[in-house]
Every structure is written in structure tokens, then in C-alpha cells.
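Engineer: First the structure, which I've put down as C-alpha cells, then a few questions once you've had a look.
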Amino acid sequence: MTSRDDILASIQANLPQVDRPLPVVPLFDNNAPASLLSTFKPSLERMGGIFLDPPDSGDPLAPVRAKIASAKIVCSMVPEIAGNRDIAGVGAPQDLADVDLAIVRASFAVAETGSVLLTETDLSINALAYLAQHLIVLLDPADIAVNLHHAYRRPEFRDRHYASFHTGPSATADIEGVLIHGAQGVRSLSVLPIARTP
């Protein structure tokens, strides 16, 4: 046994033996909005994200198809849209650096902040959400939490190895206040509300 083990064992043996209840953390949702999607949209747009309004009729994925029409390399992680870069054939994360547009589905979103949560299940290779030039996120409106207090109770934070909130595109500003998108990640982040396919 090392001295480190001795110290840790001594601390463990001398921990105070008290039985205190955990504090009650409020959820701050007394005034929850009636429509979480209506709250999510302006929150997303405040952070530089683009909300893709679904068409009233016809192809619900038309806004996505319009965006990928001019993209050379499209990597899709959703069954609704086919890409031309198969993620299964990617050997290393840096091989995704030439992806023009990535399409993923969020595990869920947060209305209060306009954020979407992406996990390793959604991305397969985490670098996809950072190296692609543009990111399109499909979001089931049923998967919107009212605020971060509810979000952190979701099972994704216990069941997944990786989870990251994305709130708009990558953004950085210098001391003169010049805002640049895409310097350290995606140049644009668009969200299309569309229910999951069964």
C-alpha cells in the first residue's frame, strides 16, 4: 500500500457519519410555456441558430433538401436523408474535415436556451459535430425539455458516454467585438422540427 492509499483510506475511515437528506432542488417551471417549440425557436435564433420552418404541405424535409442541394460532401446520420459520405467508412475523426454538411438527430433540446443535445449515439464519431462546415439537426418536438433543470434529469446523462449541448454555430469574438462564426466549429447550425420515424 502506498502513502497515497494510506491517506485515502484514512480519509474514508474518518468521514463524518451523518444522515442528512439531499437538498430539494426546484425545477423552476411554475410558468412553463404552453408551447415548448414556440419558446425554443426564438431562443435558438438569439444564439445564431437557424430554425427551419417545416412546409405546410408536401415534403416535410424540403428545407433540408434545399440546403444540401449545393453541398459536395454530405454525411447523414439519419435514415430520412441519404448522404454521400458513409460514416462507417471513416477511419479517423480527422477524415471528416472535408464534410460540407452533416445531418444528425438530437437526443433532445432545451426550450429555455435553444440548445440541442448530441451524444455519441447521435454522432457515431463526435468530431462530426465540429469538423463539418454546416450542421443540420432534426428535432422531434416531443423531445424538448422546458429548461436545464429538467434536461439534467434526462437519462442521456447517465446512459451515454458523451453528451454535448450545442447552442447555435461556433462563435468567437475579439476585444473589439467582432463576432466570427465557424472559427472553431460549424459555421451554421440549423434545426428542423420533425417527428421521429417509428
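Conditions tested, residue by residue: (1) assigned to a helix (DSSP H, G or I); (2) over 16 Å from residue 188 (Cα atoms); (3) in contact with a Leu (Cβ under 7 Å, 6 or more places away or on another chain).
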{"site": "4", "(1), (2), (3)": "yes, yes, no"}
{"site": "12", "(1), (2), (3)": "yes, yes, no"}
{"site": "20", "(1), (2), (3)": "no, yes, no"}
{"site": "23", "(1), (2), (3)": "no, yes, no"}
{"site": "41", "(1), (2), (3)": "yes, no, no"}
{"site": "59", "(1), (2), (3)": "no, yes, no"}
{"site": "63", "(1), (2), (3)": "yes, no, yes"}
{"site": "80", "(1), (2), (3)": "no, yes, yes"}
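Engineer: Additional query: If you take just the helices (runs of 4 or more DSSP H) that sit entirely in segment 97-152, which of them hold at least 2 residues that are in contact (Cβ under 8 Å) with a residue 24 or more places away in the chain, under 22 Å from residue 85 (Cα atoms) and open to solvent by 10 Å² or more (accessible area, probe 1.4 Å)? Talk me through it step by step, then tell me what you get.
Structural biologist: Working: elements: 120-123, 128-131, 148-151.
In segment 97-152, the matching helices (runs of 4 or more DSSP H) lie at 120-123, 128-131.
Engineer: Let me confirm something: among 38, 3, which residue is more than 19 Å from residue 153 (Cα to Cα), among the polar types (S, T, N, Q) and either loosely packed, with under 10 Cβ neighbours inside 10 Å or touching a residue at least 24 places away in the same chain (Cβ under 8 Å) (or both)?
Structural biologist: Numbers: 38 fails: either loosely packed, with under 10 Cβ neighbours inside 10 Å or touching a residue at least 24 places away in the same chain (Cβ under 8 Å) (or both).
Answer to the check: 3.
For (1) of a type in the set (Val, Ile, Thr); (2) more than 25 Å from residue 151 (Cα to Cα); (3) modelled with pLDDT of 95 or more, each residue gets a yes or a no:
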{"site": "19", "(1), (2), (3)": "no, yes, no"}
{"site": "28", "(1), (2), (3)": "no, no, no"}
{"site": "37", "(1), (2), (3)": "no, no, yes"}
{"site": "47", "(1), (2), (3)": "no, no, no"}
{"site": "53", "(1), (2), (3)": "no, no, yes"}
{"site": "61", "(1), (2), (3)": "no, yes, yes"}
{"site": "72", "(1), (2), (3)": "no, yes, yes"}
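Condition check ((1) among the charged types (D, E, K, R); (2) closer than 24 Å to residue 36 by Cα) across all residues:
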position: 54; (1), (2): no, yes
position: 60; (1), (2): no, yes
position: 68; (1), (2): no, no
position: 75; (1), (2): no, no
position: 87; (1), (2): no, no
position: 104; (1), (2): no, yes
position: 109; (1), (2): no, yes
position: 117; (1), (2): no, yes
position: 120; (1), (2): yes, no
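Engineer: Go through (1) more than 22 Å from residue 85 (Cβ to Cβ); (2) part of a strand (DSSP E or B); (3) not basic (Lys, Arg) for residue 164 and report which single condition fails.
Structural biologist: Single failed check for residue 164: (1).
Engineer: Filter segment 101-118 for residues that are within 11 Å of the chain's Cα centre (by Cα), over 17 Å from residue 79 (Cα atoms) and not aliphatic (A, V, I, L, M) and give the result. Write out each step before concluding.
Structural biologist: Kept after step one, since they are within 11 Å of the chain's Cα centre (by Cα), are these residues of segment 101-118: 104-110, 114-118.
Filter once more, so that each one left must be over 17 Å from residue 79 (Cα atoms): 108-110, 114-117.
Hits for segment 101-118 are 108, 114, 115.
Engineer: Taking segment 153-181, which residues are among the aliphatic types (A, V, I, L, M) and surrounded by 15 or more Cβ atoms within 10 Å (Cβ to Cβ)? Give the derivation first.
Structural biologist: Going through segment 153-181, the residues among the aliphatic types (A, V, I, L, M) turn out to be 163, 171, 173, 175, 178-180.
Scanning segment 153-181 gives 163, 171.
The values are calculated or read from the model by the stated rules, or taken from the named source; none is laboratory data. From a predicted model like this one, the values you see are computed outputs, not experimental measurements. Because the Cβ atoms are built from the backbone with ideal geometry, glycine has one as well, and the counts that use them run over all protein chains shown. We work out accessible area using only protein heavy atoms, side chains counted, and drop any ligands, DNA or RNA first. Shrake-Rupley method; radii C 1.70, N 1.55, O 1.52, S 1.80 Å.
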